[in-house]
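The values are calculated or read from the model by the stated rules, or taken from the named source; none is laboratory data. Predicted model, so just to flag it, every value in this text is computed and none were measured. Cβ atoms come from the backbone with ideal geometry, glycine included; neighbour counts cover every protein chain shown.
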């Protein structure tokens, strides 16, 4: 997202916005609309009649990217998770993402008129305002509102900017004969080896953190007791951002299988819930039936 905006930074405002939306929608919409189409067909062909009426409304909300709107008691997301009726419940997060796309070009355009040294401060203010709104809102609002999620997107933008910050061009100057002789002497004494060892030693803590953070994230996920989201959500978001910065040589996260899962995660996300909802409604929790459906 931030990458697309940075690439079009030098173009006109209209070109930047149109290029951003065309690139993002080309990536997201085709599969999304296809899954909704197949879900609607499956709804009428395979699902019980009791599921049709509610899902007709939900399909419209999913198509309009407003699945994260305030819900009535009957439509409450947490209730839907427990009974597995709404096959479009999971589209709430994509609705939040699409809604943010209508905000992010303007957030980015404001940053382009701010001096480079103040840009991180600007994004920090935007994220802080969003986080204050998130932490002071009702849980259902904090969960669904795009304004309560901006801080998470901003962290992702900051991570991209940090990862792609260009190092300043090295400056060169001529050495006089004495300085040149001193440099040669230092090289002969093996100073470069010491520098190399020093850089490796500095790298070790970073590498260690890149292995510790995934362990903590897994521990939080598997923790047997409920943890307050005001603490866990910021921690998980920030930890993920740090991992994106320092995990380049991480053997575990660079594993080909995990990389493949990451590549297909969007597809898995779109299809997993309709399958689960059908299983809950028709198979009454039969695990063997779930295995057959997933294959």
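Observations, loosely collected:
- Any chance residue 154 is under 17 Å from the mean Cα position of the chain (by Cα) and outside any helix (DSSP H, G or I): no
- For residue 238: the one exception among (1) loosely packed, with under 11 Cβ neighbours inside 10 Å; (2) assigned to a helix (DSSP H, G or I): (1)
- Remark: residue 126 falls outside the filter, which requires a residue to be in the same structural domain as residue 65 (by TED's automatic domain parsing) and closer than 17 Å to residue 159 by Cα.
- Which listed residue is surrounded by 13 or more Cβ atoms within 10 Å (Cβ to Cβ) and more than 25 Å from the chain's Cα centre (by Cα), from 17, 40, 36, 28: 40
- Entry remark, region 66-84: residues being surrounded by fewer than 21 Cβ atoms within 10 Å (Cβ to Cβ) and at pLDDT 65 or above number 3 in total.
- Filter result for residue 254 (touching a residue at least 12 places away in the same chain (Cβ under 8 Å) and surrounded by fewer than 15 Cβ atoms within 10 Å (Cβ to Cβ)): no
- Any hit, region 95-111, residues being out of contact with any helix residue (DSSP H, G or I) (no Cβ under 6 Å at 6 or more places or on another chain), outside any helix (DSSP H, G or I) and modelled with pLDDT of 90 or more: yes
- Scanning region 112-150 for residues that are under 20 Å from residue 227 (Cβ atoms), in contact (Cβ under 8 Å) with a residue 24 or more places away in the chain and not in a helix (DSSP H, G or I) turns up just one, 149.
For every residue, the table says whether it meets (1) modelled with pLDDT under 90; (2) in contact with a helix residue (DSSP H, G or I) (Cβ under 9 Å, 6 or more places away or on another chain).
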| site | (1), (2) |
| --- | --- |
| 211 | yes, no |
| 226 | yes, no |
| 232 | no, yes |
| 235 | no, yes |
| 239 | no, yes |
| 247 | yes, yes |
| 257 | no, no |
| 267 | no, yes |
| 276 | yes, yes |
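- Among residues of region 222-232 being free of Cβ contacts under 8 Å to residues at least 60 places away in the same chain and surrounded by 10 or more Cβ atoms within 10 Å (Cβ to Cβ), the one that is farthest from residue 208 (Cα to Cα) is 227.
- Residues that are in contact (Cβ under 8 Å) with a residue 12 or more places away in the chain and closer than 17 Å to residue 102 by Cα within region 10-51 comprise 13, 16, 17, 19, 20, 21, 23, 24, 28, listed in sequence order.
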